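Participant: So that we are looking at the same thing, I have put the structure below in structure tokens.
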Amino acid sequence: MEPPEDGDLRLQDAAGGAGSVSYTQGGSSGECCVAFPGGGWLGRLSRELHWSFLLAVVAVYGGCQGVGDALNGVASGYYWKDVQRVQPSAAQFYRGITGAPWIVKPLWGLLTDVVPMAGYRRRPYLVVAGVIGVASMLTLSLHHGLGIMAAVLALTAQSTGAAIADVTVDALVAQKSIRHPPLASDMQSMCGFSSSVGALIGFSISGLLVYSMGSQGALGLLAIPSALVFLAGILLKESPATDFDYTQVHKEFYRAVQSMGTTLKCPEVWRPCLYMYVSLNLSLDIQGGMFYWYTDPVAGLAFSEGFIGLIYSIGSVGSILGVLLYQSALKDYPFRSMLLWSQVLSSLAGMLDLVLVTRLNLKMGIPGYFFVVIDNTISQMVSQLKWLPLLVLSSKLCPSGIEGTFYALLMSIQNAGVLMSACWGGLLLHMLNVTRTEFSNLWIAVLIRNISRLVPLTLLFLIPQSDHGSMLLPVEMLEESESAEAVKAGSDNTGFSVLVTEDSSCLSSNVVVQNEGTKEFDAGTIDVELIPLMNKSRLTVDT
């Protein structure tokens, strides 16, 4: 291998998962050993990142979002249908309201980034999120006869706790993606895998729980995932901030907001953001109408609670397959190609709903219950193949210093798209007169939804051609943070063992590369100075 130029960094892979980093700087050169542990994808994450971080990922993505969202999806559907007895369009609207806390994720991100509690930046927010979730779901479960507004408030509070927990873990994932670009896809796959397995478990038990406890009692069990988030907050490894000046919080807020505005003006950032919002906005959500049709005993399929849970649980297997397919074969493809085919497949998969609603499956000799399982499994797999590249892309658009805040902003943009898709879907169902007992126009809603999913293809030019291992932000944007203030503020010390980047344009000033090995460094999330290398070199690593 040719000697690297000044400021260059190269990786030599060795047998057995070990490697070395060669570097030159100022005429001097050196080499340090880097251990890439065996055990594949999960084994590498468990050793490179602290176990408490993985526990937080499993608690939030697997427990709160996986099991929790699955149980909430089934139980709340029956709750609005059988307890509150509202129309499908109204149920769709109320679900949109309860998702509102996900729109203001930048607020939670700002708090986690600039306002430590008792000296900690992450742990207290997981604890608070857990408390909110437990309290709200126990209130909903134990108080019978709640009005619609009280029920909406309780479910919104639970959603708030989930959003705070999500943005806290997202901040950790984003900061680690910046420090460990080769692990960015692995971390997102870990998050997706945890969520999919959790959803499989949640859907598997949701129907039985709703049947045996009622929808209100089943919603009360959402307190358990929130309790796991509380536990993760207690156990998360984090060093307290030292000498933090709370009188300067307003300046930190101002600087974070200013940095967010500067970043959003960058074409490398606002163009993908626009595509994310439009693509999700135009994927009209008509699941409320489909759910009512699934369970209607006259005009629909008359599925029981247990079978509804079984359908979604088998569908979660498709979600897991999507994660594994992405991790094993697709994560190295360019973003634009991935999103092109995932958008097309999403529209084609939606056509299976059209076959089901028009009962063409019966003419093909396929029973409805069997076709629904196939439909849901394929749809879940395609959804993961569309969602994971968007998450990886988002993690690579976050500037150092405000990772949590900016990642939360990107997620809120996507959640705003999802919320609008629910509103448009509810309006579409209302306009087509799809009610609790009338479904004659449901096939039109399905067809319009499938066609609308193809419209974002006209905006694919907004997505970069880069692959998943590339650094997307300009080098000058990675130089804006200030290390001195980060040291004063006290960094969030989740342990990292080494920084090795694939398309490395910057290195943390806390990284000390020596011939004898590497030292651990503090991965602060506020104003961590990044020192750009004079030249960029593509590192070949197994991501």
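The values are calculated or read from the model by the stated rules, or taken from the named source; none is laboratory data. All figures in this text were calculated on a predicted structure; none of them were measured in a lab. With ideal geometry, Cβ positions are generated from the backbone for all residues, glycine too; neighbour counts draw on all protein chains shown. The accessibility values were calculated without ligands, DNA or RNA, using every heavy atom of the protein model including side chains. Shrake-Rupley method; radii C 1.70, N 1.55, O 1.52, S 1.80 Å.
Participant: Could you go through region 301-309 and let me know if any residue there is surrounded by 15 or more Cβ atoms within 10 Å (Cβ to Cβ), of a type in the set (Phe, Trp, Tyr) and in a loop (DSSP other than H, G, I, E, B).
Facilitator: Checking region 301-309: at least one residue is surrounded by 15 or more Cβ atoms within 10 Å (Cβ to Cβ), of a type in the set (Phe, Trp, Tyr) and in a loop (DSSP other than H, G, I, E, B).
Participant: Then there's this: Being within 30 Å of Leu459 (Cα to Cα), surrounded by 17 or more Cβ atoms within 10 Å (Cβ to Cβ) and out of contact with any strand residue (DSSP E or B) (no Cβ under 9 Å at 6 or more places or on another chain) narrows it down to one residue among Leu282, Leu274; which is it?
Facilitator: Leu282
Participant: A follow-up question, please. Tally the residues that are out of contact with any Phe, Trp or Tyr (no Cβ under 8 Å at 6 or more places or on another chain), in contact (Cβ under 8 Å) with a residue 60 or more places away in the chain, part of a helix (DSSP H, G or I) and open to solvent by less than 60 Å² (accessible area, probe 1.4 Å), restricting the search to region 260-271.
Facilitator: 1
Matching residues to (1) open to solvent by less than 20 Å² (accessible area, probe 1.4 Å); (2) at pLDDT below 85:
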| residue | (1), (2) |
| --- | --- |
| Gln384 | no, no |
| Gly401 | yes, yes |
| Gly417 | yes, no |
| Gly426 | yes, no |
| Val434 | yes, no |
| Arg453 | no, no |
| Leu457 | no, no |
| Leu460 | yes, no |
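Participant: Could I ask something else about it? Give region 328-375 a look and list any residue that's within 18 Å of Pro272 (Cβ to Cβ) and either β-branched (Val, Ile, Thr) or open to solvent by 50 Å² or more (accessible area, probe 1.4 Å) (or both), or say none.
Facilitator: Once the filter is applied, which keeps residues that are within 18 Å of Pro272 (Cβ to Cβ) and either β-branched (Val, Ile, Thr) or open to solvent by 50 Å² or more (accessible area, probe 1.4 Å) (or both), region 328-375 yields Tyr333, Arg336, Leu340, Trp341.
Participant: Now a separate question. Output the residue which, of all residues in region 221-268 that are acidic (Asp, Glu) and within 26 Å of Ala162 (Cα to Cα), is nearest to the chain's Cα centre (by Cα).
Facilitator: Per the stated criteria, the residue is Glu238.
Participant: Looking at the structure I just gave you, is Leu339 of a type outside the set (Phe, Trp, Tyr) and in contact with a Pro (Cβ under 7 Å, 6 or more places away or on another chain)?
Facilitator: Numbers: of a type outside the set (Phe, Trp, Tyr): yes; in contact with a Pro (Cβ under 7 Å, 6 or more places away or on another chain): yes.
For Leu339, the condition - of a type outside the set (Phe, Trp, Tyr) and in contact with a Pro (Cβ under 7 Å, 6 or more places away or on another chain) - is met.
Participant: Quick check, is Ile413 open to solvent by 20 Å² or more (accessible area, probe 1.4 Å), within 29 Å of Arg121 (Cα to Cα) and part of a helix (DSSP H, G or I)?
Facilitator: yes
Participant: Could you please find all residues in region 323-336 being in contact (Cβ under 8 Å) with a residue 12 or more places away in the chain, assigned to a helix (DSSP H, G or I) and out of contact with any Ser or Thr (no Cβ under 7 Å at 6 or more places or on another chain)? Outline the logic, then answer.
Facilitator: Filtering region 323-336 for residues in contact (Cβ under 8 Å) with a residue 12 or more places away in the chain gives 323-327, 330-336.
Of the ones still in play, those that are also assigned to a helix (DSSP H, G or I) are 323-327, 330, 335-336.
Correct list: Leu324, Leu325, Leu330, Arg336.
Participant: I would also like to ask the following. If you go through region 207-243 one residue at a time, how many are open to solvent by less than 40 Å² (accessible area, probe 1.4 Å) and touching a helix residue (DSSP H, G or I) at 6+ places or on another chain (Cβ under 7 Å)?
Facilitator: Counting residues in region 207-243 that are open to solvent by less than 40 Å² (accessible area, probe 1.4 Å) and touching a helix residue (DSSP H, G or I) at 6+ places or on another chain (Cβ under 7 Å) gives 19.
Participant: Looking for whichever is at pLDDT 85 or above and either of a type in the set (A, V, I, L, M, F, W, C) or outside any helix (DSSP H, G or I) (or both) here; the options are Val173, Val134. Which one fits?
Facilitator: Step by step, each of Val173, Val134 is checked, and only Val134 is at pLDDT 85 or above and either of a type in the set (A, V, I, L, M, F, W, C) or outside any helix (DSSP H, G or I) (or both).
Participant: Right, here's the next one. Among the residues of region 147-158, is there at least one that is outside any helix (DSSP H, G or I) and out of contact with any Leu (no Cβ under 9 Å at 6 or more places or on another chain)?
Facilitator: Within region 147-158 (the criterion being outside any helix (DSSP H, G or I) and out of contact with any Leu (no Cβ under 9 Å at 6 or more places or on another chain)), the answer is yes, since at least one residue qualifies.
Participant: Checking the condition hydroxyl-bearing (Ser, Thr, Tyr), assigned to a helix (DSSP H, G or I), open to solvent by 10 Å² or more (accessible area, probe 1.4 Å) and over 17 Å from Val58 (Cβ atoms), which residue from Ser185, Ser204, Ser194 passes?
Facilitator: Answer to the selection: Ser204.
Participant: Return the total of residues in region 94-109 being open to solvent by 20 Å² or more (accessible area, probe 1.4 Å) and farther than 30 Å from Ile148 by Cβ.
Facilitator: 0
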